[in-house]
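Everything on this sheet refers to the single structure shown next.
The values are calculated or read from the model by the stated rules, or taken from the named source; none is laboratory data. What you are looking at is a predicted structure, and each value in this text was computed from that prediction instead of being measured. FYI the Cβ positions are ideal-geometry reconstructions off the backbone, even for glycines, and counts take in every protein chain you see. Please note that ligands, DNA and RNA were not included when accessible areas were found on the heavy atoms of the full protein model with its side chains. Shrake-Rupley method; radii C 1.70, N 1.55, O 1.52, S 1.80 Å.
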Amino acid sequence: MGPTTRGATQAERNPTPRPLRQPSVTDARPMAHLRHRKLVRECCTGSVSKNEPARIRPDEELSRRMSRRARKDTAPELALRHELHRRGLRYRVQVKVPGNNRRTIDVAFTRAKVAVFVDGCFWHGCPNHHVQPLANSEWWQWKVESNRARDRDTDRLLRDAGWSVVRAWEHQDPSVVAGQVETLVHSKIAAPTEPTDKRTATQRITSRKVTEHKQLSSGDSLPSGE
């Protein structure tokens, strides 16, 4: 009888160690895939470009302040929406832009196809109030120009889909902007359309029978297909 193996460890029972698995290229695929998706998302939203200048990363305090800034439902936007609602206008908010679902309309009148945007003076380069930071000035110039180029592309997509676009700066008087929007919405809703027969089915049948009876009484022939 050979020596017993009771109580022997795995290494004693199998003295030849298994070779360690070598890392393969597929191990890096999940992370590379995530990086690719992030790059595509940033390119679609206009937040990154192959021509992006180098910049010095801001400190943590500045990063926290910038991240807390509202990107929707800002105070100027809420003031405009309140004024529009006071005038009896009803609208939707954060509606997807036709042709680019990653972009949204601040205030949308879907029936009249009127899109309203409230642009921030800092992020969109207001000619009266935009002040470019001294640190990373080249990068900030590129960032604002990219935002404005994205705005122009958004306007093009909306106009191609039959929408009218209104852009207002955050410093503008909400009542003045609301007046312009109200005029545009009412004008588009009241625009002439193709004439339609608003009679009910019973009224149309009755009118046709009366016409047929008159034609028979006068001896005229009925229209073909009757």
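Being polar (S, T, N, Q) and open to solvent by 20 Å² or more (accessible area, probe 1.4 Å) is the filter here, so list the residues in segment 152-185 that pass it. Correct list: SER164, GLN172, SER175, GLN180, THR183.
For beta carbons closer than 9 Å, sequence separation of 6+ or different chains, a first residue in segment 189-214 that is of a type in the set (Asp, Glu) and a second that is at pLDDT 70 or above and open to solvent by less than 80 Å² (accessible area, probe 1.4 Å), there are no qualifying pairs. Within segment 79-89, is even one residue under 30 Å from LYS188 (Cβ atoms), assigned to a loop (DSSP other than H, G, I, E, B), in contact with a helix residue (DSSP H, G or I) (Cβ under 7 Å, 6 or more places away or on another chain) and at pLDDT 95 or above? The answer is yes; a qualifying residue exists.
Taking ARG92 as the residue in question, decide whether it is open to solvent by 20 Å² or more (accessible area, probe 1.4 Å) and either in contact with a strand residue (DSSP E or B) (Cβ under 7 Å, 6 or more places away or on another chain) or not charged (D, E, K, R) (or both). Show your work before the answer.
Numbers: open to solvent by 20 Å² or more (accessible area, probe 1.4 Å): yes; either in contact with a strand residue (DSSP E or B) (Cβ under 7 Å, 6 or more places away or on another chain) or not charged (D, E, K, R) (or both): yes.
Judged against the criteria, ARG92 is a match.
Entry remark, segment 186-226: residues being under 30 Å from THR110 (Cβ atoms), modelled with pLDDT of 60 or more and loosely packed, with under 10 Cβ neighbours inside 10 Å number 5 in total.
Tally the residues that are in a loop (DSSP other than H, G, I, E, B) and open to solvent by 80 Å² or more (accessible area, probe 1.4 Å), restricting the search to segment 100-112.
Of segment 100-112, the ones in a loop (DSSP other than H, G, I, E, B) are 110-112.
Those left that are additionally open to solvent by 80 Å² or more (accessible area, probe 1.4 Å): 111.
Residues in segment 100-112 being in a loop (DSSP other than H, G, I, E, B) and open to solvent by 80 Å² or more (accessible area, probe 1.4 Å): 1 in total.
Confirm whether VAL97 is buried (at least 19 other Cβ atoms within 10 Å of the Cβ), at pLDDT 95 or above and under 18 Å from SER175 (Cα atoms).
Numbers: buried (at least 19 other Cβ atoms within 10 Å of the Cβ): yes; at pLDDT 95 or above: yes; under 18 Å from SER175 (Cα atoms): no.
It is false that VAL97 is buried (at least 19 other Cβ atoms within 10 Å of the Cβ), at pLDDT 95 or above and under 18 Å from SER175 (Cα atoms).
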